[in-house]
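Peer 1: Here it is, the structure, as structure tokens.
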Amino acid sequence: MKKIRINTSTPYDVLIERGGLGKCGEYIAEITAARKAAVITDDIVEKLHLETALESMKKAGFDCSVYTFPNGEKSKCLDNLGRIYDFLCSSGITRKDIIVALGGGVVGDITGFAAASYLRGVDFVQIPTTLLAQVDSSVGGKTAIDIPGGKNLVGAFKQPALVICDSDVLKTLSDDILSEGMGECIKYGMIRDEKLFELIESHDLASIDSIMDEMVYKCVDIKRQVVENDEFDRGERMILNFGHTLGHAIEGWHHYTGISHGAGVAAGMCMITDRLAPQISERLKKCCEAYKLPTGSDIPMSELLPFCSKDKKNEFSSINYIICKEIGRSEIVKLPFTEFCRLMEK
């Protein structure tokens, strides 16, 4: 097992272990006195991993209730959040109990927000079952839902009590879902660690499992460093949004259907690098292509920029965007939004 301690306002561990899902009850029992748990998952993960998780939790003495919702970004909405609150209430969950998010980023985001807001806060555990969730959304305490005005515009900071990453569950992912996670992994190499980027670019989708534990550890450790320095996203943490300004715009243009978050991030990274750091653009594109990720978009920039104006990183009439002029080094640039538009449209 690899363990990373996240020293935020509420410290917690990230456990990286093959077979960890089958031991989740034991690990959760070590960090809480609760023995009543609400497990929240989606209909894909339910079929693949719920039985293993429940068996382990019940063996550890937990009384579990389960809520399952339809998979996909459309479920990260106010209506589903309301149904989760009703489920927690009908299950008799109190502030002394625990909530478990078993699934990918959508499950983790909406479950975390429910845990942050139900009864003004209930402890929760993240068991991410996708690569993207393991390296990104399960760590750092950002929770959110989408509203018609944009992605992740309503949320809260809520650190988990524990994160359990089992690389073996990633073997059940389709190439598309695995590829989506690789978009975020490439991002970590770009913003902070050239050696990680080199490790990733020396493999492809067919061989990535051989370095999965090492890669997940390195990505989580980078996020640990950034989150510990800027837990509430007021400065350095913005570098984690490399590729996201245009990536979220692409997702929004598609109404959050038909393109994954990781694919949007990959396209966004390549598009902004093409324009502002062409000296490293081809290397980034080649790496993305190895993992079947897009390196751009056919959507006219004039149609994407209005979505960028709704970005959470905006401040008044300015926008903060992230650029990597060298692999492994990133910087935050603040510009008037009109100037950003000029740069992107050139």
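Table: residues versus (1) part of a loop (DSSP other than H, G, I, E, B); (2) among the aromatic types (Phe, Trp, Tyr); (3) over 29 Å from Val216 (Cα atoms).
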{"site": "Arg95", "(1), (2), (3)": "yes, no, yes"}
{"site": "Val107", "(1), (2), (3)": "no, no, no"}
{"site": "Thr111", "(1), (2), (3)": "no, no, no"}
{"site": "Phe124", "(1), (2), (3)": "no, yes, no"}
{"site": "Val135", "(1), (2), (3)": "no, no, no"}
{"site": "Thr143", "(1), (2), (3)": "no, no, no"}
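Peer 1: Given (1) modelled with pLDDT under 95; (2) under 25 Å from Asp230 (Cβ atoms); (3) of a type in the set (Gly, Ala, Ser), where does Ala133 come up short, assuming only one miss?
Peer 2: Every listed condition holds for Ala133 apart from (1).
Peer 1: So, one more: Looking at Lys59, Lys74, which one is in contact (Cβ under 8 Å) with a residue 40 or more places away in the chain, open to solvent by 60 Å² or more (accessible area, probe 1.4 Å) and over 17 Å from Asp166 (Cα atoms)? Write out each step before concluding.
Peer 2: Values: Lys59 fails: in contact (Cβ under 8 Å) with a residue 40 or more places away in the chain.
From the options Lys59, Lys74, the qualifying one is Lys74.
Peer 1: Is it the case that some residue within the range 78-92 is open to solvent by less than 60 Å² (accessible area, probe 1.4 Å), closer than 17 Å to Ala161 by Cβ and assigned to a helix (DSSP H, G or I)?
Peer 2: yes
Peer 1: Out of Ala114, Ala133, which single residue is under 13 Å from the mean Cα position of the chain (by Cα) and either under 20 Å from Ile16 (Cβ atoms) or open to solvent by less than 10 Å² (accessible area, probe 1.4 Å) (or both)?
Peer 2: None of the others qualify; the one that does is Ala133.
Peer 1: On the given criteria, is Thr41 under 26 Å from Val227 (Cβ atoms), surrounded by 14 or more Cβ atoms within 10 Å (Cβ to Cβ), within 22 Å of the chain's Cα centre (by Cα) and of a type in the set (S, T, N, Q)?
Peer 2: Values: under 26 Å from Val227 (Cβ atoms): yes; surrounded by 14 or more Cβ atoms within 10 Å (Cβ to Cβ): yes; within 22 Å of the chain's Cα centre (by Cα): yes; of a type in the set (S, T, N, Q): yes.
So Thr41 passes the test.
Peer 1: Of the conditions (1) surrounded by 24 or more Cβ atoms within 10 Å (Cβ to Cβ); (2) modelled with pLDDT under 95, Gly149 fails just one. Which one is it?
Peer 2: (1)
Peer 1: Does Lys171 count as open to solvent by 30 Å² or more (accessible area, probe 1.4 Å), out of contact with any strand residue (DSSP E or B) (no Cβ under 9 Å at 6 or more places or on another chain) and under 30 Å from Glu289 (Cα atoms)?
Peer 2: Values: open to solvent by 30 Å² or more (accessible area, probe 1.4 Å): yes; out of contact with any strand residue (DSSP E or B) (no Cβ under 9 Å at 6 or more places or on another chain): yes; under 30 Å from Glu289 (Cα atoms): yes.
Yes.
Peer 1: Still on this structure, please answer the following. What helices (runs of 4 or more DSSP H) completely inside the range 160-234 contain at least 1 residues that are under 16 Å from the mean Cα position of the chain (by Cα) and of a type in the set (Phe, Trp, Tyr)? Walk me through how you get there before you give the answer.
Peer 2: Details: elements: 175-192, 194-201, 212-229.
The qualifying helices (runs of 4 or more DSSP H) are 175-192, 212-229.
Peer 1: Taking the stated definitions as given, is Val125 β-branched (Val, Ile, Thr), buried (at least 24 other Cβ atoms within 10 Å of the Cβ) and within 21 Å of Arg237 (Cβ to Cβ)? Before the answer, list the steps.
Peer 2: On the way: β-branched (Val, Ile, Thr): yes; buried (at least 24 other Cβ atoms within 10 Å of the Cβ): yes; within 21 Å of Arg237 (Cβ to Cβ): no.
No.
The values are calculated or read from the model by the stated rules, or taken from the named source; none is laboratory data. A quick note: this is a predicted structure, and the numbers were derived from the prediction, not measured. As a convention, Cβ positions derive from the backbone with ideal geometry for all residues, glycine included, and neighbour counts pool all protein chains shown. Accessible surface is based on the protein model in full, side chains and every heavy atom, while ligands, DNA and RNA are left aside. Shrake-Rupley method; radii C 1.70, N 1.55, O 1.52, S 1.80 Å.
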